[in-house]
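Enquirer: Have a look at this one before I ask anything.
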Amino acid sequence: MNRVGGRMAVVGSALLHRPAGVLEGTRWLFTWLALLSLLFSLPGIIPNVTSSRLDLLLASGAAAALCGSWLYGLVRQRVPFALEVLDALALTAFALAGPVPLAAAPLFFAAAWLRTLYGTPWRSAARGALYTVAVLIFTVLWQLTPGHPTAPDWARQAATISIMLLVIVVAEQLRTGLQANDWAIERDKALTETGAKLLGMTDATQIRTLAWTTANELGSSTPGLRVLKVVRDGQVLQVGAHTGDFVDSPTALPGDVLHSNGAEAHILHPGGLNDAAGAVLVWECVPLTEQEEDAWLLVGAPKRIPDGTILSVRSLVNQVNLALRNSHSHRQLTAQAQYDALTGLDNRLSFTTQLGAQLARTDTTEALHVLFLDLDDFKDVNDQMGHRAGDAVLAEVAERLRHCTRPQDIVARLGGDEFAVVLTGTTDAAAEAIAQRMVGSLAAPIIVSGRPCRVGASVGVATAVPGADLDELVHQADVAMYAAKANGKGQVQLFKPGLLQGESTLVSFERLLGRAAGGGQLEVHYQPIVSLTNLHCTGAEALVRWRHPERGLLLPEEFIPLAESSGAILAIGAFVLRRACTDAVTWPAARPGVPMTVHVNISALELESDHFVESVLWCLADSGLPAKRLVLELTETVVLESLAAVERLKTLVTHGVQVGIDDFGTGYSSLSTLRSLPISVVKLDASFVTGALSNPVDRTVVEAIVQMSSKLGIATIAEGVERLDQQEMLALIGTDAAQGHLYCRAVPQAELADWLARRAAPLLREL
């Protein structure tokens, strides 16, 4: 009884609740149509069944059989051929129980509509034959059944058969369309879920596993679909992962199966593929551009590959290509976060982290020393022999420093020709001796391409005392190193108060930079950002310049690195943000109701400040600039290791400020950033824009970033646009905006105002 009750509950639930799928929902609707048609047909045969037990038996049996058959199909979402035969017999019996031959015609039509929504075109043809035979049988048996004195009208019966067959044909077209729509929804859902999962993935193996899981899901929406990944290996194609039904799972295919010409490839001889599939299929080839070797996806299906399926496969490939590129960038970024790429030594971040950990140890009284080393005359090597020779010298310097230190010591390259060493368990005398050993080792010539290079080294030594502050200790080593340089080449200097009474040129430059923001020497120039939809100016990026009292106007690359290492970037950043907000208030609207935005670059040091949020909000309030018109631009490394920075950005977003990622697509950005940060704008790195017209890989990356950003509701801006053909290509793939010399170089506020005023019509090029 419990089992019967459970089945009744299932049937009741299936009848009362419409399924989610379009096709299943339509089947549910037509099941109700058939049941109601049966119910409304019963009153017409009541006079017969009350006067004839045979008619009563036929009508009741037919009604029960039809109800059971239709409900079975609704619950199981499938109809065995035996039920098709049962339907035909039940319809015949019901017709024989009626008062006139046409009494069962509505039921035939309702059953034809309902049953054609299940099965295949061949099943529909068989159903049409069954129902035609059923009509002919009850027409013949009609006069032989008691209570039917009137002969059937064969013309009307023929019309019934014609209309019924027409219903089956139309219903088959309806089923095909609904099924295609459901499959398209399944493909879109699979791709959307995959895209969301890929945003957080950096492991290449996991990415490929997810890709094949999604490929299987796409295959389920296309009957008979087969997909293989093949890699060129000499004269053969090695088969990797594959999905779909294969008679013989192939491990290799003849090399002439496909012909490739750069980024283009097509199937040339599909015989080997068809043999493996056990059927003659239509095949298409999709290149995998992010593989280290020549690789393709081969997609096959009977008769034809639906356009929606091949587009879904290509979209999946684009998503995976972008995720794999992100994975590669993540691995590079992880290595860059700890090691110097040229020398293999620890980098500045790793050095600072490890030094901080050493200073934080409270269970040791071992002495700790920090050594700063700067090469002498290294610039001459670069100038006379080139940067490649300079790199070789730096690599040899790193190797010699390793030999001069112990395994437990930390040796790092801080950048350029600056190195640092952390010594533990040493006295001042021992630390000075190690420093002298370094100077002596580097005094020996370094042979590069058969030519001797001579570089010396100046070393500063600082000693940590109990409770020492990391920044202060590093500063002391830095000061000692500058003092060693000031005293001549190849010197070692221990830190002591009063060093550097006379400034070196570099120290003088650094101190001038520290006073630049307050001394009125900084200028802010602006480069317009142009919409690729209508070529209207929608914003501008603020770019700082330093009017040096002796060297003239300096570009950011000439002083920003020093500003970041010295801490002067805080004052510079505050000045640029305040001036940019003040200037942007005066800009006209890009078009009625759409004011121009101002983009300001933010450094890591600024984001580390606990007062950063308050500073930004104060600038907005003081200038009167609406928060939505300010876009803060940063690279991913700015917030990669700082959850506090992420929270500060999220706080600003709640106030309306927008956040953009600069140089997206390089080794310093990844898709995970799009999920971890409230990003409004993504800037495509200029290197990809430059190569997109000639390099298929760069174009694929640009297309994938634009496609993914569009789906996430993120605007895209292409940097470094210099030619019209670049503009046309970017507009074609859906990029929102662009900036570059094609439109205008970075200019002062006054020139920007003139440029905007002259733009009475859409621009092609102004400056």
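Enquirer: Return the loop-located chymotrypsin sites (Phe, Trp or Tyr not before Pro) in segment 336-401 (DSSP other than H, G, I, E, B) with at most 14 other Cβ atoms within 10 Å of their own Cβ; answer none if there are none.
Expert: Sparse-neighbourhood loop chymotrypsin sites (Phe, Trp or Tyr not before Pro): none present.
Enquirer: What FRET efficiency, computed as 1/(1 + (r/R0)^6) with R0 = 51 Å and r the Cβ-Cβ distance, is obtained for HIS266 and GLU399, rounded to the nearest 0.05?
Expert: Details: r = 51 Å, r/R0 = 1.00.
With a Förster radius of 51 Å, E is 0.50.
Enquirer: Going down the table (LYS650/LYS683; LYS628/LYS711; LYS197/LYS229; LYS197/LYS628; LYS197/LYS650; LYS650/LYS711), which pairs top 27 Å between alpha carbons? Numbers along the way, then the final one.
Expert: Numbers: LYS650/LYS683 19 Å; LYS628/LYS711 21 Å; LYS197/LYS229 22 Å; LYS197/LYS628 30 Å; LYS197/LYS650 22 Å; LYS650/LYS711 21 Å.
Listed pairs above 27 Å: LYS197/LYS628.
Enquirer: Rounded to the nearest 0.05, what FRET efficiency do LEU54 and ARG18 have when you use their Cβ-Cβ distance and R0 = 35 Å?
Expert: Details: r = 39 Å, r/R0 = 1.12.
It comes to 0.35.
Enquirer: In nm, what is the difference between 0.36 nm times the number of residues separating VAL170 and LYS197 and their Cα-Cα distance?
Expert: 5.6 nm
Enquirer: Where both residues lie in the chain, what percent of DSSP beta bridges are antiparallel, nearest 5?
Expert: Values: 67 of 92 bridges.
In the chain, DSSP labels about 75 percent of beta bridges as antiparallel.
Enquirer: Find how many whole Å separate the alpha carbon centroid of segment 203-246 from the alpha carbon centroid of segment 593-631.
Expert: 48
Enquirer: How big is D, in µm² s⁻¹, for the chain by Stokes-Einstein at 10 °C and 1.306 mPa s if Rh is the Kirkwood radius over C-alpha pairs?
Expert: Details: Rh = 33.0 Å.
D = 48 µm²/s.
Enquirer: Follow-up question, since we're still on this one. Using θ = phi - 60° and the Karplus relation 6.51 cos²θ - 1.76 cosθ + 1.60, list the HN-Hα couplings for segment 278-287 in order, rounded to whole Hz, with x at every Gly or Pro.
Expert: Each residue of segment 278-287 in turn: x, 7, 7, 10, 8, 10, 10, 10, 10, x Hz.
Enquirer: Sorting check: for 751-758, 445-452, 125-132, which peptide has the highest mean count of neighbouring beta carbons within 10 Å, and how do the rest follow?
Expert: On the way: 751-758: 15.4, 445-452: 12.0, 125-132: 18.6.
Descending packing order for the listed peptides: 125-132, 751-758, 445-452.
Enquirer: Over all directions, average the projected area of the Cα convex hull of segment 79-224 and note it in nm². Spell out each step's value before the answer.
Expert: Working: hull surface 41.7 nm².
For the Cα atoms of segment 79-224, the hull's average projected area reads 10.4 nm².
Enquirer: What do you get for the angle between helix 505-516 and the principal long axis of the chain? Use alpha-carbon atoms, 0 to 90 degrees, nearest ten.
Expert: Helix 505-516 sits roughly 60 degrees off the main axis of the chain.
Enquirer: Listed highest first by mean packing, meaning other Cβ atoms within 10 Å per residue, what order do 472-483, 739-750 come in?
Expert: Working: 472-483: 21.2, 739-750: 18.3.
Most protected by this proxy first, the peptides run 472-483, 739-750.
Enquirer: Hey, another quick one. Give the angle, between 0 and 90 degrees and rounded to the nearest 10, that separates the Cα long axis of helix 53-76 from the longest principal axis of the Cα atoms of the chain.
Expert: Roughly 10 degrees between the two axes.
Enquirer: If you don't mind, another one. Compute the signed sum of charges (Lys and Arg +1, Asp and Glu -1) over the other residues within less than 13 Å, Cβ to Cβ, of LEU218.
Expert: Once all neighbours under 13 Å are counted, the net charge is 0.
Enquirer: Now for a different question. Provide the gained length on full extension for the span ALA126 to GLN521, in nm with one decimal, where the gain is 0.36 nm per separating residue minus the Cα-Cα distance.
Expert: Values: separation 395, 0.36 × 395 = 142.20 nm, distance 8.85 nm.
So the extension gain works out to 133.4 nm.
Enquirer: Follow-up. Place the peptides 218-227, 101-110, 692-701, 424-433 in order of packing, highest mean first, counting for every residue the other Cβ atoms within 10 Å and averaging per peptide. List each step's numbers first, then the result.
Expert: Details: 218-227: 19.9, 101-110: 21.8, 692-701: 17.0, 424-433: 14.9.
Ranked by mean Cβ neighbours within 10 Å, highest first: 101-110, 218-227, 692-701, 424-433.
Enquirer: Report, ordered by chain and residue number, the lysines lying within cross-link reach of LYS489, taken as a straight Cα distance under 17 Å and ignoring same-chain residues fewer than 8 apart.
Expert: Reachable lysines: LYS379.
Enquirer: Between ASP469 and SER609, with labels modelled 7 Å along Cα→Cβ, what's the label distance in nm to one decimal, could you check?
Expert: The two pseudo-label positions are separated by 1.7 nm.
Enquirer: Going by amide H atoms built from the backbone, whose H comes under 5 Å of the H on THR597, apart from near neighbours?
Expert: Excluding prolines and chain starts, which carry no amide H, the hits are GLY539, ALA540.
Enquirer: May I ask for the angle, rounded to the nearest 10°, between helix 470-486 and the longest principal axis of the chain, with both axes built from Cα atoms and the value confined to 0 to 90°?
Expert: Approximately 50 degrees, to the nearest 10.
Enquirer: Counting helices only, and only those DSSP H runs with n ≥ 4, report the 222 nm mean residue ellipticity of the chain as the sum of -39,500 (n - 2.57) divided by its residues, in deg cm²/dmol to the nearest 500. Spell out each step's value before the answer.
Expert: Values: 26 runs with 403 residues, N = 767.
Counting only the DSSP helices, I get -17500 deg cm²/dmol.
Enquirer: Report the calculated FRET efficiency for ALA9 and LEU617 (r = Cβ-Cβ distance, R0 = 60 Å), to the nearest 0.05.
Expert: 0.50
Enquirer: From the Cα trace of segment 353-502, what convex hull volume per residue do you get, rounded to a whole Å³?
Expert: Working: hull volume 16.1 nm³, N = 150.
Output value, Cα hull per residue: 107 Å³.
Enquirer: Using the heavy atoms of the protein chains alone and a 1.4 angstrom probe, what is the accessible area of the chain per residue in square angstrom?
Expert: Working: 35800 Å² over 767 residues.
Accessible surface, normalised per residue, equals 47 Å².
Enquirer: How large a share of the accessible area of the chain, in percent, is made up of carbon and sulfur atoms when the probe is 1.4 Å and the other protein chains stay in place?
Expert: Values: 20450 of 35800 Å².
The C+S portion of the solvent-accessible surface of the chain is 57 percent.
Enquirer: So how much slack lies between VAL236 and ASN181, counting 0.36 nm per residue of separation and subtracting their Cα-Cα distance, in nm?
Expert: Numbers: separation 55, 0.36 × 55 = 19.80 nm, distance 3.88 nm.
Gain in length upon complete extension: 15.9 nm.
The values are calculated or read from the model by the stated rules, or taken from the named source; none is laboratory data. Note that the structure is predicted; figures quoted are calculated from it, not measured. Note that we place each Cβ from the backbone using ideal geometry, even for glycine, and neighbour counts take in every protein chain shown. These accessible areas exclude ligands, DNA and RNA; they are computed on the full protein's heavy atoms, side chains included. Shrake-Rupley method; radii C 1.70, N 1.55, O 1.52, S 1.80 Å.
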